[in-house]
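Working notes, beginning with the structure itself.
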Amino acid sequence: MTGMAAERSEVPEEVAGEGVVVVARGEATRAELGPVRSRIPSLYADPLAWLVVDSVDDALSTCSDELDAVRDEVAVILVSALCTLQTMEAIERSVRNGRVSPLRFAGASPGGAGSLACVVRGFKGPSLTLATHPGKGVPVARTLARSWLRSGAAEYVVVSVHHVEEDGRHRVRSTVLGPGPDLRHALPMPGR
């Protein structure tokens with residue numbers, strides 16, 4: 001895949017910040033991002049999106065009941081410089097052959113890499129994909145998560161960070177964040 005070497009970077013380990021507590025952590029790795037058979041009929045998602053789902057599932061293995069109870073208020077943030085690059089490149093190749101798969105076209109949206117976890121888990125809180133390197137994106141994700149937890153826009157925030165290791169392996173680390181005792185709904189949310 002093009003551009004992979006440029007995407008390797010140090011990953012800040014801590015996404016939690018002041019007033020935010022870590023509820024759970026998970027991770028998933030793959031030697032390379034290749035085609036993945038969809039768990040959902042008639043749905044195509046980029047291989048990175050499925051790796052994010054695997055990482056989120058790993059994190060939720062210890063707290064899924066907690067989050068399932070408030071899934072309408074679980075937010076998701078993904079930080080990845082690659083996002084759906086693999087699907088975009090596959091579409092580029094298929095255009096040369098005169099055919100573009102409508103499913104792949106829909107799966108090429110960079111936001112799809114983060115939002116598949118929402119589809120699979122039924123999360124309906126805010127979601128955002130930060131298409132940037134972890135070193136730049138994690139501080140932004142930390143600030144957003146704290147803001148969403150403080151304002152009541154979310155009860156929990158799942159932050160997933162993707163990076164490519166020196167050996168080319170793809171790693172996604174997911175952290176489930178909740179509000180610390182002094183942060184919970186510090187700002188009133190309209191309608192609450």
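Here, each number is a calculation from the coordinates, and none is a lab measurement. A quick note: this is a predicted structure, and the numbers were derived from the prediction, not measured. Please note: Cβ atoms are built from the backbone with ideal geometry, for glycine as well, and neighbour counts cover all protein chains shown.
Some observations on this one:
- Each label was represented as a point 7 Å from its Cα along the Cα-to-Cβ direction; for Asp72 and Thr143 these points are 3.1 nm apart.
- Two-site label geometry, Asp182 and Val119: point separation in nm, points 7 Å out along Cα→Cβ: 4.2
- Less than 5 angstrom separates the built amide H of Gly180 from those of Val20, Val21, all sequence-distant by 5 or more or on a different chain.
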